[in-house]
1. How many nm separate the modelled label positions at residue 472 and residue 142, each set 7 Å beyond the Cα in the direction of the Cβ?
2. Sort 633, 609, 620 so the one with the fewest other Cβ atoms within 10 Å of its own Cβ comes first.
3. Can you bin region 520-638 into rounded, prolate or oblate? Criterion: square roots of the alpha carbon gyration tensor eigenvalues sorted a ≥ b ≥ c, rounded for a/c under 1.5, prolate for a/b above b/c, oblate for the rest.
4. Tilt of helix 161-173 relative to the longest C-alpha principal axis of the chain, in degrees (0 to 90, nearest 10)?
5. In the chain, what % of DSSP beta bridges are antiparallel (nearest 5)?
6. Taking Cα atoms, how many degrees apart are the long axis of helix 573-583 and the longest axis of the chain, rounded to 10 and kept between 0 and 90?
7. To the nearest 10 degrees, how steeply does helix 24-45 sit against the main Cα axis of the chain, on a 0 to 90 scale?
8. Using 0.36 nm per residue of separation minus the Cα-Cα distance, give me the extension gain between residue 408 and residue 560 in nm, one decimal.
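Read-outs: derived from the displayed coordinates by stated rules, not from any lab. Note that the structure is predicted; figures quoted are calculated from it, not measured. Ideal geometry is used to build each Cβ from the backbone, glycine not excepted, and the neighbour counts take in all protein chains shown.
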């Protein structure tokens with residue numbers, strides 16, 4: 001408690017309407033207090049600190065100028081929404097951020113009327129804001145009413161095609177719409193590509209001091225109370241200092257660039273825009289990610305664990321086992337040393353996928369395409385068609401964004417793209433939006449795909465080697481976030497026989513067929529079951545496609561019950577096993593078959609262990625499933 005900052009102005013703010021009573025000078029002080037409160041809260045919870053620190057002044061200025069929640073404020077990705085949450089009646093819960101039963105780390109419609117649209121994936125804000133603008137003009141029903149629609153999108157998010165699809169449509173419709181481009185030159189990874197260079201050139205030619213000098217004479221544009229502050233705004237509205245822009249070609253009026261940490265500039269421009277805008281307008285704001293605390297850190301405070309406020313040192317528990325991500329990166333590097341055709345592709349997540357290590361070793365063979373998963377998939381397909389061996393490394397939740405390309409550009413053409421699917425299963429604090437729940441189902445349904453899941457870090461090494469050798473069709477291997485289980489690691493990977501699982505332990509009565517890293521929980525459950533006189537047979541499927549028909553039928557025909565388990569939604573591995581058993585008539589023999597999958601709900605943020613408890617997929621849940629299937633009644637151990 002003693003580390004919490006003194007915040008006399010912030011203490012007076014219970015809702016954004018309270019900002020209207022503050023002077024511009026007080027709003028500047030409030031921003032300082034809000035930044036201190038954000039740093040203090042995230043030091044206790046962990047989270048995406050840098051993005052929020054970069055938009056503190058912008059958050060205050062928007063809420064002081066506009067009338068949320070009647071005006072719809074949509075934060076793209078919403079990593080930067082912590083200051084927004086503090087100002088919108090959630091300060092008393094901000095130290096529960098990303099925790100079980102606490103505040104979401106992203107905007108969430110069910111959490112607050114001030115979150116009109118949930119966002120956790122990139123580049124959706126302009127589309128959503130345009131939808132609100134159309135709803136406003138067509139008299140759509142809304143509990144809070146309809147006012148302006150304001151999208152805040154980062155320069156990294158602007159690299160995705162969806163943002164331009166939305167801007168193109170907005171320019172065509174011509175409706176009043178406000179887009180604020182938060183240009184910090186630093187998304188999760190440094191933004192790549194021509195758009196980033198274009199934005200840099202825009203503000204490099206227009207220093208802030210020139211903008212301040214040019215923005216005189218706006219008195220006639222605004223009501224009398226705002227005239228003094230608006231002297232900076234007139235020429236900004238005309239974009240006189242930078243001339244025509246791509247945004248203007250798309251039908252937007254362009255304002256900026258302006259200093260996103262200068263409260264006077266922000267207030268002047270936003271107040272002017274609120275009064276004068278009559279169509280789509282883009283305000284280009286320059287900010288520093290991590291402003292005031294983490295701006296000098298390499299990651300700018302993107303995703304930090306709990307940390308010490310004084311030293312900044314993160315509080316992470318040590319582990320003896322390597323992370324799956326690091327195992328993937330190091331193994332791919334070893335394979336690439338022997339095979340010059342191996343390339344790697346990531347979509348703005350080089351550090352998160354481990355490909356930063358690959359890029360250091362093979363800079364000409366590693367490609368960060370920015371936040372553009374659709375392009376990443378088809379780009380990889382083109383390389384595969386050209387004779388290379390591309391590994392497209394994406395989080396499971398982000399691979400969803402490129403699914404049409406997986407189907408049309410990879411699977412139908414039977415191109416050997418290798419998909420390295422990180423963050424498979426339930427990932428913890430980021431919650432439902434980042435859960436890797438669906439890739440087994442949506443990939444295993446595609447003809448010709450090879451779909452693998454590593455049970456441990458050693459198996460991951462073998463699966464990477466297997467993927468290297470698959471040159472006649474697409475393949476994917478999935479692995480979770482976090483550390484491995486501590487198994488002995490092979491010096492080099494050995495290619496697995498396609499579609500063949502492995503026996504782990506021989507038993508009787510019941511067989512458990514695991515796909516992925518629940519195997520560790522299965523083994524723990526087996527120990528508990530052995531104390532009850534039940535010794536299950538345990539097998540690791542390794543492949544969801546093609547299935548190991550011989551193994552599955554053997555297990556089914558020699559056991560009273562067969563239980564499958566996977567870290568994915570219904571429709572995946574277990575469903576394919578059920579289809580096989582049905583077609584082979586095994587159910588006619590009286591086999592008891594059960595499939596343990598993620599439940600048909602979106603599971604809110606918590607620790608992965610707690611999330612799997614909600615999903616009923618931990619060791620004690622597996623034990624209970626076996627006992628229930630065999631007809632053994634016991635009391636649950638869980639309180």
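1. Label at residue 472, label at residue 142, 5.6 nm between them.
2. Working: 633 6, 609 11, 620 16.
So the residues, fewest neighbours to most, are 633, 609, 620.
3. Cα axes put region 520-638 in the oblate bin.
4. Relative to the chain, helix 161-173 is tipped by roughly 40 degrees.
5. On the way: 10 of 68 bridges.
DSSP beta bridges in the chain are roughly 15 percent antiparallel.
6. 40 degrees
7. 10 degrees
8. That works out to 50.5 nm of additional length.
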